[in-house]
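Single-structure report; data block below.
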Amino acid sequence: MLKLDKLPFGIVLGALAPILGLVVYYLLKSPSISFGEFVEYFFRSKAMLTAVGSLSLIANIILFTLFINARRDKTAIGIFIMTLMYGLMILYAKFFM
């Protein structure tokens, strides 16, 4: 996995990792409700949106660190770009939705 050094690969990884982080959070904290209900509540609750949204970005931080340490800078840039995009979307949703 760490051998590929391409910007599109980093963007795909950066887009999928926070979703995986959100699923892991759901499985650990709210398995009693359906995933659809969890996502709906996630987007309706401003406090949860910021807290869980930030926690789900930890997956990107881990990936970013791995690729930077492996000197795969193009992939790391793609992950960083997606981290910023997710962060901006979370801020937008928190303040304008």
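On full extension, the segment bounded by Lys74 and Lys29 gains 12.8 nm, given 0.36 nm per residue less the C-alpha separation. Averaged over its residues, the chain has an accessible area of 65 Å² per residue, based on protein heavy atoms and a 1.4 Å probe. At 37 °C and a viscosity of 0.692 mPa s, what translational diffusion coefficient does Stokes-Einstein give for region 12-93, taking Rh as the Kirkwood radius over Cα pairs? Give it in µm²/s as a whole number. Reported coefficient: 250 µm²/s.
This model, with +1 at the C-beta of Lys and Arg and -1 at the C-beta of Asp and Glu, gives the chain a dipole about its Cα centre of some 200 debye.
The values are calculated or read from the model by the stated rules, or taken from the named source; none is laboratory data. Since the model is a prediction, treat every value here as computed from it, not as a measurement. Ideal geometry is used to build each Cβ from the backbone, glycine not excepted, and the neighbour counts take in all protein chains shown. Please note that ligands, DNA and RNA were not included when accessible areas were found on the heavy atoms of the full protein model with its side chains. Shrake-Rupley method; radii C 1.70, N 1.55, O 1.52, S 1.80 Å.
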